[in-house]
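Shown next, in structure tokens, is the structure this report addresses.
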Amino acid sequence: MRVEYINPFVESAMSVLQTTVSSEVKRGAPKLSNSINHIMGVAIIVGLAGQVSGRVIIDMSQETALNIASSMNGERLNTFDELVSATLTELGNMITGNAVTKLHQLGFKFDLTPPALFMGDNLRITDAKIEALVVPLELTEGKIEINVAIKENY
Amino acid sequence: MNQVENMDFRYLMQNQKKINTTSSSHKDNKNIIEYDFKIVSFKIGDEFYGIDIMAVKEILKEKKFTRVPNALEFVRGVLNLRGDIIPVIDLAKMFNLGNGKKITNDLQSIIIIKVENLLIGIIVEQIQHVIPLRKSDIQPPSPLLGSINERYISGVVDINNRLYVILDTDSVFSDKEKAKKETIPQDTDLTEEFFVYFVNQVEELCGVHINSANKGKFRDYYNEYVTDNNIKEMPKVSKEIAETMVNKVLSIHTDEFWESNLIDRFNDSAIAALGKICSDEVRVMDIGCGNGFETFSAYLAIHNSMNGAIVKLTAIDTNLASVSSASGLVVDGNIIPSWMEKQKNFIEVGGNQYKIHKEINDKIYFEFHDAKNISANHKKFDIIIARDMSLYLKEAEYITFIDEIADRLIKGGVLMIGDNEVISNQKFTKVNADRLSIFIKN
């Protein structure tokens, strides 16, 4: 992962979460992970295309997902309904959209696919031959992991 | 001593109360009882033991220690306690209390005791508490009691219906120490043990790996060190010594610009081989680029020697901080060697501070990438520079790593590893190079 790509994603995740979810966001040290990743329960996936190919996964547990959706909507949501999924996909959109805007300013051209939401127990994700950057974030609502894997197309 | 006494203050107080009540019921109308003796209690097997607190220097919980090969059975290893090397002894083994319970080697509670100016660590299964006692509570050992030989026991005490055997550390260890000296013949060759111990210490202090790829040179430097310092006993390893040793193993000009001497040797071997497979464009990968000194040196060296060929360089490192700062590396003008043509390739940013030219910087991709996941990279390269990677990878990881970078090189591609590293992989053939380790992919 090119170092230029890292900051836009980390910064945008931090700022979006700070403004929409909770003001206290703690960032852990970014890690590199191999191709197989365990998903905590809910994953918002946004594909990247254009100059690069790759994807961004925003991963959290179901409980965290409900907490975050509740905070974003300003009311307590207890069931995983359409409102919750819509809120979470919007969160995914905001984080990746923000990051891609920042990358555009640096001269990198990325396109985004609409976010998809995956849910389930014991989920795993595998993408062949790609190393992912994992940024753990700690909120009062719970733990989120931003998992970014980008492959250069040249 | 404070450390020990404060170990479990609350428990101590409770215990003291309990002892107060039990003993005051025995001993008639004395309200205030003075304790003149404290023991640290611990458990071995199913029995409880105590050691006079005055003999205890320190208690270490979950401390890692280094094993010593070929030592006496009850000597479990040695421990580096702030620079002091302390033997660690397994009391269960020493007293033949081995009741089949395996003690793992990693993390153990260790009591450091002092016997005649000698520090000894003893492994115990479970450290219990500090218990205050009166000398008069201690009953002399019965000859029939306990598994430990009678003369090592200074007494037995009953606390809350539990018998604690109080060990006489002086007699236990001074005896055994003598026995130890007798059992090891003076002329035994311990060099190998010392070396293993030294390697372990260096690995622990510097966070590096000494494996088959770099052990040969490390051994040479170690032998040099032993002769120079006339070392006949277990070598003491400080962080300083460890770092000096590691620095000796590192290749020339690590974390600094390459000097023309190295460039000449690099041209004779690596560039000569590179010239056979490419001319206009060279794809380079620099693994473990650190702060970028190696990256910029390699870029300019290849660019100059290949008659201005386009160099596409990917530089990777797992240290996010250093790889992020590498592209903006600012250096003092005086450390830029003349072959790097300061005026042409660098821009002055003020006060004799120089930055690499943007045009060059744009051709270098700095990536946050782990060498262990090198197989996830799908690109092909003409030359890979991976100096001293063996220090940062475990033996097996390094072997896989070398195997995997072979797939990243085109046929005839060049691999440059650390000056002091040795590899044996069927996919590579070694090239004759003056003090450099250059390989060609078959």
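Using a simple spin-label model with pseudo-atoms 7 Å out from Cα toward Cβ, A:SER23 and B:VAL196 lie 6.0 nm apart. Inter-part distance, the stretch A:32-54 to the stretch B:263-291, computed on C-alpha centroids, equals 34 Å. A protection proxy built from the mean count of other Cβ atoms within 10 Å ranks the segments B:156-163, A:84-91, most packed first, as A:84-91, B:156-163.
Distant-in-sequence amide contacts of B:GLY288, defined by a placed amide H-H separation under 5 Å and a gap of 5 or more residues or a different chain, comprise B:ILE316, B:ASP317.
The residues B:TRP258, B:TRP339, when put in order of fewest to most other Cβ atoms within 10 Å, stand as B:TRP339, B:TRP258.
Between B:HIS129 and B:ASP228, the distance separating the two model label sites (each 7 Å from Cα on the Cα→Cβ line) works out to 5.4 nm. Considering only Cα-Cα distances, which of the following residue pairs are longer than 26 Å: B:LYS355/B:LYS430; B:LYS342/B:LYS430; B:LYS217/B:LYS239; B:LYS236/B:LYS372? Over 26 Å Cα-Cα: B:LYS355/B:LYS430; B:LYS342/B:LYS430; B:LYS236/B:LYS372. For the stretch B:351-367 versus the stretch A:97-147, the spacing of their alpha-carbon centroids is 30 Å.
Going from the fewest other Cβ atoms within 10 Å to the most, the residues A:THR20, B:THR227 appear in the order B:THR227, A:THR20.
So which DSSP H runs in chain A come out at 27 Å plus along the axis (Cα) with average Kyte-Doolittle of at least -0.5? Intermediate results must be reported in sequence, preceding the final value.
Values: long enough: A:82-105 (34 Å, 0.19).
Flagged H segments are A:82-105.
Taken together, the values in this text are just the output of simple stated rules run on the coordinates, not laboratory data. Being a predicted model, the structure only gives us computed values, none of them experimental. FYI the Cβ positions are ideal-geometry reconstructions off the backbone, even for glycines, and counts take in every protein chain you see.
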